[in-house]
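Q: The structure follows.
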Amino acid sequence: MNIYGSIKAGLQEAVEYANGNCKDARVHTIRIEPVPAFTPAEIKTIRKELGMTQSVFASVIGVSAKTVEAWEQGITAPNGPSRRLLGLFKADPSCAKGLVTEA
């Protein structure tokens, strides 16, 4: 079956399922963890456990060093994508270390 035929068959199956006529459709349920919130102290702990300066940590996350400084002082809070990265770094520090190499 070509791509067009595969897409057409999938769409037909979706329509049948939506109409209640397809009882054996494949259904996958997933759960996405909520985006965590972090206190200024937790952010600083994560950064220090990674062995990074504010400047390096900021580069890894994609923000300015002033932004990291503001997070750690409680002046501002990280946004959703930054909080997600912080959660990943906390859960598995090795994923952040792979982003930093010596020149």
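The values are calculated or read from the model by the stated rules, or taken from the named source; none is laboratory data. These numbers come from a predicted model, not from an experiment. Because the Cβ atoms are built from the backbone with ideal geometry, glycine has one as well, and the counts that use them run over all protein chains shown.
Q: Please verify whether THR76 is of a type in the set (Val, Ile, Thr) and in contact with a helix residue (DSSP H, G or I) (Cβ under 6 Å, 6 or more places away or on another chain), treating the condition exactly as stated.
A: yes
Q: Determine whether the range 31-48 contains at least one residue that is among the polar types (S, T, N, Q) and more than 16 Å from the chain's Cα centre (by Cα).
A: Checked against the condition, which is being among the polar types (S, T, N, Q) and more than 16 Å from the chain's Cα centre (by Cα), the range 31-48 yields at least one hit.
Q: Scan the range 57-72 and give yes if some residue there is at pLDDT 95 or above, within 23 Å of GLU33 (Cα to Cα) and of a type in the set (Lys, Arg), otherwise no.
A: Looking for residues that are at pLDDT 95 or above, within 23 Å of GLU33 (Cα to Cα) and of a type in the set (Lys, Arg), one finds none in the range 57-72, hence no.
Q: Across the range 24-47, what is the number of residues that are assigned to a loop (DSSP other than H, G, I, E, B) and exposed (fewer than 12 other Cβ atoms within 10 Å of the Cβ)?
A: Total satisfying the criteria: 12.
Q: Okay, moving on. Just to be sure before I move on: is ARG84 closer than 30 Å to GLU13 by Cβ and within 16 Å of the chain's Cα centre (by Cα) in the structure I sent?
A: So ARG84 does not fit the description; no.
Q: Considering only the range 88-103, state which residues are part of a helix (DSSP H, G or I) and either surrounded by 18 or more Cβ atoms within 10 Å (Cβ to Cβ) or without any contact (Cβ under 8 Å) to a residue 24 or more places away in the chain (or both).
A: Hits for the range 88-103 are LEU88, PHE89, ALA91, SER94, CYS95, ALA96.
Q: May I ask you to verify whether GLU13 is surrounded by 10 or more Cβ atoms within 10 Å (Cβ to Cβ) and either farther than 30 Å from GLY74 by Cα or modelled with pLDDT under 90 (or both)?
A: It is true that GLU13 is surrounded by 10 or more Cβ atoms within 10 Å (Cβ to Cβ) and either farther than 30 Å from GLY74 by Cα or modelled with pLDDT under 90 (or both).
Q: What are the residues in the range 77-87 that are exposed (fewer than 14 other Cβ atoms within 10 Å of the Cβ) and assigned to a loop (DSSP other than H, G, I, E, B), if any?
A: Matches in the range 77-87: ASN79 only.
Q: If you don't mind, there's one more thing I want to ask. Of everything in the range 48-70, what is touching a Leu at 6+ places or on another chain (Cβ under 9 Å) and not in a loop (DSSP other than H, G, I, E, B)? Give them in sequence order.
A: Once the filter is applied, which keeps residues that are touching a Leu at 6+ places or on another chain (Cβ under 9 Å) and not in a loop (DSSP other than H, G, I, E, B), the range 48-70 yields VAL56, PHE57, SER59, VAL60, ILE61.
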